[in-house]
Amino acid sequence: MSAPLFHHPVEREDDYRATGEFPIPQRQAIRFFRRMNRGTRRFFASLGARAYYTRDVLRAFGEPATYLGETVRQMKGIGVDSVPLTIIVASFIGAVMALQTRYQLFEGVELSLVGLATRQTIILELGPLLTGLVLTGRVGARMTAEIGTMRVTEQIDALETLAYDPLAFLVVPRLLAATLMLPVLVILADAAGVLSGFVVGVSATDITVKQFTDGLRLAFAPFQVVYSLLKATMFGAAIALVCSYEGYITEAGAEGVGRSTATAVVITSVVILILDAVTAIALAPLLQA
């Protein structure tokens, strides 16, 4: 007879023994692999839970009467109220980039490169990335705390009792608002960064207006702006999905809200950095003018 295609492992008593029951030389290795096993299972369980959550959020888009009015209010809180912070951060980054670039150039290099470096750094990288990270702390933490507080005070349960879909009322408006307003904020950040770099470069160094503007025009391609806005859109969606999820599963009262908020900011920041790297790898060849 041929051997079966699938072999089921035989359960042994050793598989269920406590670590302390094994010989001392084996304990460290057993403890390490058991931790790895638990960590891996928790990681994939978390990915699965987030996938189901995303599916339910997409399904909630079928109730526009529930989320359209709230979306406008969230657009103000996420977008309009974040304009001053976005412009301040981008302005300082643009000014520092222009100064640093100028003073790192050695003799004989065209000073127009200062304008080129400032434009490329702000539009392609620091504009969308820093805006996403800064708004993770401002908008994402607030989002998690709001939804988490509603969870621990049973307001979400009350919405379900009133036949409201909590995801359509709480999550979808924040997702739409973040996805729509992050590109707008990044446009303002890019403009503020380049403008501040121009003002500081011309006024505080020996760069002339013509040299800086020539650098701004050098090797420019419209897709560079599209690339910046594409990253902003992905960052906005990531902030809304990750932070709302952490708030939605909050437990254990005020302590749980604080823990969920900290976790949301950390995870969202890592996700933004990963998305930034993946986008650069995938689209970098298209950025050449």
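The values are calculated or read from the model by the stated rules, or taken from the named source; none is laboratory data. Predicted, not measured: the structure shown is a model, and the values here were computed from it. Don't worry about glycine lacking a Cβ; one is built from the backbone with ideal geometry, like all the others, and counts go over all protein chains shown. These accessible areas exclude ligands, DNA and RNA; they are computed on the full protein's heavy atoms, side chains included. Shrake-Rupley method; radii C 1.70, N 1.55, O 1.52, S 1.80 Å.
Odds and ends about this structure:
- Rounded to the nearest 10 Å², the accessible area of residue 86 at probe 1.4 Å: 10
- With respect to the chain, whose longest principal axis is taken over its alpha-carbon atoms, helix 253-283 is tilted by about 60°.
- Whole-percent carbon and sulfur share, accessible surface of the chain, 1.4 Å: 67
- Euclidean distance between Cα centres, region 66-113 to region 157-189, Å: 24
- Region 97-233, dipole about Cα centre (Lys/Arg Cβ +1, Asp/Glu Cβ -1), debye to the nearest 20: 240
- With the charge dipole of the chain set up from +1 on Lys and Arg Cβ and -1 on Asp and Glu Cβ about the Cα centre, the Cα lying farthest toward the positive end among the listed residues 75, 208, 147 is that of 208.
- Given R0 = 35 Å, the distance between the Cβ atoms of residue 153 and residue 282 translates into a calculated FRET efficiency of 0.25.
- Dipole check for the chain: with +1 at the C-beta of Lys and Arg, -1 at the C-beta of Asp and Glu, and the Cα centre as origin, the magnitude is about 380 Debye.
- In region 49-105, Rg over Rh equals 1.33, where Rg is the alpha-carbon radius of gyration and Rh the Kirkwood radius from pairwise Cα distances.
- Per DSSP, loop GluC sites (Glu not before Pro) in region 47-145 with at most 15 further Cβ within 10 Å: 107, 110
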